[in-house]
1. Only strands (runs of 3 or more DSSP E) wholly contained in the stretch 417-487 count here; list those with 1 or more residues that are over 30 Å from P112 (Cα atoms).
2. Quick one: would you say I113 is within 24 Å of V437 (Cα to Cα), out of contact with any Gly (no Cβ under 7 Å at 6 or more places or on another chain) and assigned by TED's automatic domain parsing to the domain that holds W215?
3. Mind telling me which of the residues L446, L397, L461, L451 ends up being in contact with a helix residue (DSSP H, G or I) (Cβ under 7 Å, 6 or more places away or on another chain), of a type outside the set (S, T, Y), at negative phi and surrounded by 16 or more Cβ atoms within 10 Å (Cβ to Cβ)?
4. Would you check if there is a residue in the stretch 386-393 being of a type in the set (A, V, I, L, M, F, W, C) and surrounded by fewer than 24 Cβ atoms within 10 Å (Cβ to Cβ)?
5. Quickly run through the stretch 200-228 and pick out the residues that are surrounded by 21 or more Cβ atoms within 10 Å (Cβ to Cβ), in contact (Cβ under 8 Å) with a residue 60 or more places away in the chain and out of contact with any Gly (no Cβ under 9 Å at 6 or more places or on another chain).
6. List the number of the failed condition for P362; all other conditions in (1) assigned to a loop (DSSP other than H, G, I, E, B); (2) under 24 Å from P135 (Cβ atoms) hold.
7. For the stretch 289-308, which positions are touching a Leu at 6+ places or on another chain (Cβ under 8 Å) and of a type outside the set (V, I, T)?
8. Please go through the stretch 294-314 and pick out each residue that is touching a residue at least 40 places away in the same chain (Cβ under 8 Å) and small (G, A, S).
Amino acid sequence: MDPVREHALAITRRHFFGRMAMGLGTAALASLLQREAQATSRTDVGRGVLGAPHFAPRAKRAIYLFMAGGPAHMDLFDYKPGLKDWFDKDLPESVRMGQRLTTMTSGQKRLPIAPSKFKFYQCGESGAWISELLPYHQKMVDDICIIKTLHTEAINHDPAITYICTGRQLPGWPSLGAWISYGLGSENDNLPTFIVMTPTWTGRKEAQALYNRLWGSGFLPSKHQGVALRRTGDPVLFLSNPDGVSTTVRRRTLEAIERINQQTYQEIGDPETLTRIAQYEMAFRMQASVPELLDVASEPKYILDMYGPDVYKPGTFARCALLARRMIERGVRFVQIFHRGWDQHGNIARDLPNQCRDVDQPCWALIQDLKQRGLLDETLVVWGGEFGRTIYCQGRLTRDNYGRDHHPRCFSIWMAGGGIKGGLVYGETDDFAYNVVENPVHIHDLNATILYCLGIDHQRLTYRFQGLDVRITGVDRPVSPVYDILA
């Protein structure tokens, strides 16, 4: 049966007029009916709204290592040795070309160029240049594809990170992980489809805030939102039984609540009631599955040592990277780790090395761990932030230290596994690491590529909302997966 008609038949006359009386209006009601009808089209675990991928997927699941704050690409991946002769000279207007600046540097009298103070080494068979700050990345350069030409329109943190995570600069839209959950569904019965972690960091302490809408479901059914694991205490609030409540009592309580919810659904027909039933059941199963997931004592010592000393500290990036591998093994579809502190407006000499130390070895270990278990070929791994940094200095410039402002016109990320060509450097920037000169990749193209690797045509994964067939890659510009980086 058509899901819209099926939903309409499930709504009682009293409920219909009750909604009309709430003042939402005819258009809002129509949008809501369509949204909920789509929510009822797939309620079974293991299947998304697509039923199956659009085409043979290169990857079954994905891990997104998000460096929140904007890593400085010219200090990490985009080597510009010719800039040493430009130290403290003004950025030419022919390079800037009137680009808008943030309020943090728009008032500066000068935009003095700050060449990277860090050494670079040409690595692997690909010959990619990698900063001395990433020695473990130097070892795995032939496993990853470095894209140097990602770009975005957003110039400040919140709209930029919202944009790349949800496809819009304004809040309220579904996140990439929610879209993937909605489209493909779950691969397991005992853990969420989409899990988020927010580890500690050792760089700049005044980090930008993260909001749960970055992994939210927006207007998609709420079961598709990411489940964030906390660093301390219960990994998920209210997962443990309260004092005096046994597992048996908890089970009987849930059964009683389910009977009430089923009765409510029969009377009202709201699909979110079925979502609540499913989520209560998932929470009950997570009482056993989450503690087992988080207990790394069973991991061999050589695996723990591979991730580095921080893996022994709960809440660190290293521990989260190991947990991401354990989640993937257990069928979690999408894992996202948000590592904060990459917003180096000043004191790069101290803060950037600390940030790199947090993630360098664990990223290498994650790739090698997946590879040796035969999981890398079916797992897509993405590393990157919301934008890059300026080649000119913010604040005081010296030979030993400098700061960098936000830069959206080009920045570097890397991808690995799941259908990606390893040992490839894609795209090129100008001599100032300021503008794209070859093979631009918009953030919508990046998201389209991630979906493509998972077997999804981004143009066909849509949701009717406010009269539009919405998709994460937008409708306002041409978007295409980056086919040249695919194996």
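The values are calculated or read from the model by the stated rules, or taken from the named source; none is laboratory data. Please read all numbers here as calculations on a predicted model, not as lab measurements. Methodologically, a virtual Cβ is constructed for each residue, glycine included, from the backbone with ideal geometry; neighbour enumeration extends over all protein chains shown.
1. The qualifying strands (runs of 3 or more DSSP E) are 424-426, 463-465, 468-470.
2. Yes: the conditions hold for I113.
3. Only one candidate passes the filter, namely L461.
4. Within the stretch 386-393, not a single residue is of a type in the set (A, V, I, L, M, F, W, C) and surrounded by fewer than 24 Cβ atoms within 10 Å (Cβ to Cβ).
5. If the condition is that a residue be surrounded by 21 or more Cβ atoms within 10 Å (Cβ to Cβ), in contact (Cβ under 8 Å) with a residue 60 or more places away in the chain and out of contact with any Gly (no Cβ under 9 Å at 6 or more places or on another chain), then L220, P221 are the ones that fit.
6. Of (1) assigned to a loop (DSSP other than H, G, I, E, B); (2) under 24 Å from P135 (Cβ atoms), only one is false for P362: (1).
7. If we filter the stretch 289-308 for residues that are touching a Leu at 6+ places or on another chain (Cβ under 8 Å), which is where we start, we get 289-290, 293-294, 296, 299, 303-304, 307.
If the condition is that a residue be touching a Leu at 6+ places or on another chain (Cβ under 8 Å) and of a type outside the set (V, I, T), then S289, L293, L294, E299, L304, Y307 are the ones that fit.
8. Passing the criteria: only G308.
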